[in-house]
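Shown next, in structure tokens, is the structure this report addresses.
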Amino acid sequence: MYRILKLRDRVRVPPELFGEDVREAVEEAIRKEYEGHLSSKHGYFLKLLSVDEVSDGIILPGDGAVFYDVVFRILAYKPEMQEIVEGKVTEITEFGCFVNIGPIAGLVHISQVMDDFVSYSKSGVLQGKKTKRSLKVGDIVRARVVAISLKSLQTAKIGLTMRQPGLGKLEWLKEEKKNA
């Protein structure tokens with residue numbers, strides 16, 4: 001789920017930013033420290049939206065930087081259990097498919113693609129044995145978040161399922177609605 005967070009922190013502004021306006025230097029320091037980073041509590045920090053408060057700076061002994069207590073707003077994405085997401089299939093493997101759900105990709109294990117026996121072809125397609133439905137790179141799908149591990153950016157994992165009513169490739173859902 002996307003959220004706008006209001007955070008309070010002490011930001012380090014390095015000496016190379018001293019020539020800039022204080023507010024611009026603080027914004028640049030916040031962007032460098034937060035944007036594109038992961039917090040297990042808040043999720044992925046995407047974009048600094050505003051800096052609401054900047055205190056007078058303080059200098060700590062042994063560090064040439066200035067530290068400012070700031071209050072700022074930032075856009076973050078943190079997936080939630082059971083959340084319904086839509087995304088684009090970015091990779092097909094013999095064990096499932098990866099779906100881009102915004103700033104991260106989730107994995108739909110081959111057993112969670114559809115209620116059918118699914119096989120993988122060397123051409124990069126997952127296909128149902130009975131239904132003949134296929135899934136390939138570029139398809140848009142709707143899935144449910146069933147597992148989350150956000151310990152670090154390198155090991156973050158999101159597990160998805162498409163084996164529930166109302167989930168799957170959007171084309172399949174349109175067919176089902178049309179035939180109902």
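Every number here is computed from the coordinates shown, using simple stated rules; none is lab data. For clarity, every value in this text was computed on a predicted model and none was experimentally measured. We place every Cβ from the backbone using ideal geometry, glycine too, and count neighbours over all the protein chains shown.
Which distance in Å, rounded to a whole number, links the C-alpha centroids of segment 155-180 and segment 1-71?
Each part reduced to its Cα centre gives a spacing of 40 Å.
Just rank Ser123, Ser39, fewest to most, by other beta-carbon atoms within 10 angstrom.
Details: Ser123 7, Ser39 14.
By the 10 Å Cβ count, ascending, the order reads Ser123, Ser39.
Given DSSP loops and a limit of at most 11 other Cβ atoms within 10 Å, what is the longest stretch of the chain that contains no such GluC sites (Glu not before Pro)? Don't skip to the answer; put the middle values down first.
On the way: sites that count: Glu80, Glu94.
The answer is 95-180.
Would you kindly state how much longer the chain becomes between Val22 and Ser111 on full extension, computed as 0.36 nm times their sequence separation minus their alpha carbon distance, in nm to one decimal? It would help to have the intermediate numbers written out before the result.
Values: separation 89, 0.36 × 89 = 32.04 nm, distance 5.39 nm.
Using 0.36 nm per residue and subtracting the Cα-Cα distance, I get 26.7 nm.
Using a 10 Å cut-off around each Cβ, can you sort Tyr120, Tyr44 from fewest to most neighbouring Cβ atoms? Please report the intermediate quantities before stating the final value.
Details: Tyr120 16, Tyr44 21.
The order, fewest Cβ neighbours first, is Tyr120, Tyr44.
What list of ³J(HN,Hα) couplings, whole Hz, do you get for segment 49-54 from phi and the Karplus terms 6.51, -1.76, 1.60, once you set θ to phi - 60° and write x for glycine and proline?
9, 7, 10, 8, 9, 9
What longest range of the chain stays clear of loop-exposed trypsin sites (Lys or Arg not before Pro) (DSSP non-H/G/I/E/B, at most 14 other C-beta within 10 angstrom)?
In short, 42-121.
Which FRET efficiency value, to the nearest 0.05, is calculated for Ser149 and Lys177 with the Förster distance at 45 angstrom and r the Cβ-Cβ distance?
Details: r = 34 Å, r/R0 = 0.76.
So the FRET efficiency works out to roughly 0.85.
What is the gain in length, in nm to one decimal, between Ile140 and Val125 on full extension, counting 0.36 nm per residue of separation less the C-alpha to C-alpha distance?
Details: separation 15, 0.36 × 15 = 5.40 nm, distance 1.40 nm.
Roughly 4.0 nm would be gained on extension.
Report relative contact order for the chain in percent, whole number only (criteria: Cα-Cα under 8 Å, sequence separation at least 6). Spell out each step's value before the answer.
Details: 381 pairs, mean separation 33.8, N = 180.
Answer for the chain is 19 percent.
Give the share of C-alpha pairs in each 10 angstrom bin for segment 84-179, from 0 to the last occupied bin, in whole percents, shortest bins first.
All Cα pairs considered, the percentages come to 17, 53, 26, 4, 0.
How far is helix 22-34 tilted off the main Cα axis of the chain, in degrees rounded to 10, range 0 to 90?
40 degrees
Need one number: % antiparallel among DSSP beta bridges in the chain, to the nearest 5. Can you show the working numbers first?
On the way: 52 of 54 bridges.
Counting only bridges with both partners in the chain, antiparallel ones make up about 95 percent.
The list (i) 45, 15, 12; (ii) 28, 18, 15; (iii) 49, 13, 11 gives values of semi-axes √(5λ) of the Cα gyration tensor in Å, and only one came from this structure; which label was calculated from it?
Label of the calculated value: (i).
Tilt of helix 170-179 relative to the longest C-alpha principal axis of the chain, in degrees (0 to 90, nearest 10)?
So the helix axis and the longest Cα principal axis differ by about 40 degrees.
Please work out how much length the chain gains when fully extended from Asp63 to Asp9, using 0.36 nm per residue of separation minus the C-alpha to C-alpha distance, in nm with one decimal. Mind dumping the intermediate values first?
Details: separation 54, 0.36 × 54 = 19.44 nm, distance 1.79 nm.
Length gained, Asp63 through Asp9: 17.7 nm.
Using only DSSP helix segments of four residues or longer, with each worth -39500 (n - 2.57), what per-residue ellipticity at 222 nm results for the chain after dividing by its residue count and rounding to 500? Numbers along the way, then the final one.
Details: 2 runs with 23 residues, N = 180.
Rounded to the nearest 500, it is -4000 deg cm²/dmol.
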